[in-house]
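Input: a single structure, listed below in structure tokens.
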Amino acid sequence: MEFRHFMHIIWKRAWVPVLLVLVVLAVSLVLYRPSPPQFSAVARILVDVPPLAAFDGMGFDPRLTAPQATEYLVDDSASL
């Protein structure tokens, strides 16, 4: 059998695998149901830095540095 004749037979029946793929795709889309989540996990962390006692001659305000330190700790712990 010549190659051209063989390819002609395949070309005439090319609609069969194409139709099969389309039918399977349509049935899969109709019957698809996403699976429910298998588990979930939640963690909450409370971070608090108490302010330092204020002394004369301090170069910073301890009431300001405590919230800043807390914010830095929270930002760093979220990236773990």
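The values are calculated or read from the model by the stated rules, or taken from the named source; none is laboratory data. Values in this document were obtained by computation on a predicted structure and should not be read as measured data. A quick note on method: Cβ atoms are made from the backbone with ideal geometry, for glycine too, and the neighbour counts reach across all protein chains shown. Just so you know, the surface numbers come from the protein's heavy atoms only, side chains and all, with ligands and any DNA or RNA stripped out. Shrake-Rupley method; radii C 1.70, N 1.55, O 1.52, S 1.80 Å.
A few remarks follow.
- Mean-position separation - Cα centroids, region 33-80 and region 1-31, in angstrom: 61
- Calculated over the chain: convex hull of Cα atoms, volume per residue (Å³): 238
- DSSP H segments from the chain that extend 15 Å or more along their own axis, Cα-based, with Kyte-Doolittle mean of 1.6 or above: 15-31
- For SER77 and VAL42, the difference between the fully extended length at 0.36 nm per residue and the C-alpha to C-alpha distance is 11.1 nm.
- Signed unit charges on C-beta, dipole axis of the chain, positive-most listed residue PHE39, GLY57, VAL21: VAL21
- Per residue, region 1-62 exposes 105 Å² of solvent-accessible protein surface, assessed with a 1.4 angstrom probe and all protein chains in place.
- Given their separation in residues at 0.36 nm each and the Cα-Cα distance between them, PHE3 and THR70 gain 16.4 nm when the chain is fully extended.
- Accessible-area composition of the chain, carbon plus sulfur, in percent [1.4 Å probe]: 68
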